[in-house]
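What follows is a set of notes on a single structure, which appears directly below.
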Amino acid sequence: MTTDIESKKEKPNKTPKQKALSIIKTVLLYGLVFMVIYTAINWWRQPVTPANPQLQLTDYQGQTVDLAALSQDKPTLVYFWGTWCPVCRVTSPTINTLAAENNYPIVTIAIKSGSDQELDSYLNEHNYNFTTINDQEGLIFDDWQGQVTPSYVILKDGEMTQGLTGIQPKWSLKLRLWLSSVF
């Protein structure tokens, strides 16, 4: 006859090293699952090149912007955003910094962000100096089948090489632009 104490199998205590390895494995597994899900959602939500994309646009100040010509020498980042978008308030300063570095052409498209005067006021208030197209009705964004803001498109030779959404750190955007220039 066995007692309750004897019937319970005692598990050996894990050493601190085994506990640490277990925690690291768990974090890596959850990180991998997160990255797979994030990548799938990003791929699903990314803008799509229209059949006949309008690449000659006019910025809110009346200047012609030719995305095909800009993307001939270097990849061009097209950033879809809105003055009303809370996430864009986080990403737009990064885009402004990237544009100021002048390593790659940056063109932004402000979606449903008011009149040209309202957009100008917003850009001045936030000290944004990037080239901006005012997509007052959201037609350009709709043409690219945009689903969320912020969204990004990288063009090379007038063709979309990458599309992405959400918060993107500066290093990620620079890496993607560089990769588009190499491949």
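The values are calculated or read from the model by the stated rules, or taken from the named source; none is laboratory data. The structure displayed is predicted, hence computed values, not measured ones. No Cβ is skipped: glycine too gets one built from the backbone with ideal geometry, and neighbour counts run over all protein chains shown.
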Picking from Thr149, Thr161, Thr132, the residue that is over 18 Å from Val48 (Cα atoms) and either crowded, with 17+ Cβ neighbours inside 10 Å or modelled with pLDDT of 95 or more (or both) would be Thr132
Taking segment 37-87 and keeping only residues that are aliphatic (A, V, I, L, M) and not in a loop (DSSP other than H, G, I, E, B), one is left with Ile37, Ala40, Ile41, Leu57, Val65, Leu67, Ala68, Ala69, Leu70, Leu77, Val78
query: Is it the case that Thr64 is without any contact (Cβ under 8 Å) to a residue 60 or more places away in the chain, among the polar types (S, T, N, Q) and either more than 20 Å from Ser181 (Cα to Cα) or surrounded by fewer than 21 Cβ atoms within 10 Å (Cβ to Cβ) (or both)?
result: yes
Apart from one, (1) at pLDDT 95 or above; (2) more than 15 Å from the chain's Cα centre (by Cα); (3) not acidic (Asp, Glu) all hold for Thr49; the odd one out is (1)
Here the residues within segment 71-84 that are in contact (Cβ under 8 Å) with a residue 40 or more places away in the chain and either buried (at least 21 other Cβ atoms within 10 Å of the Cβ) or within 20 Å of the chain's Cα centre (by Cα) (or both) are Ser71, Lys74, Pro75, Thr76, Leu77, Val78, Tyr79, Phe80, Trp81, Gly82
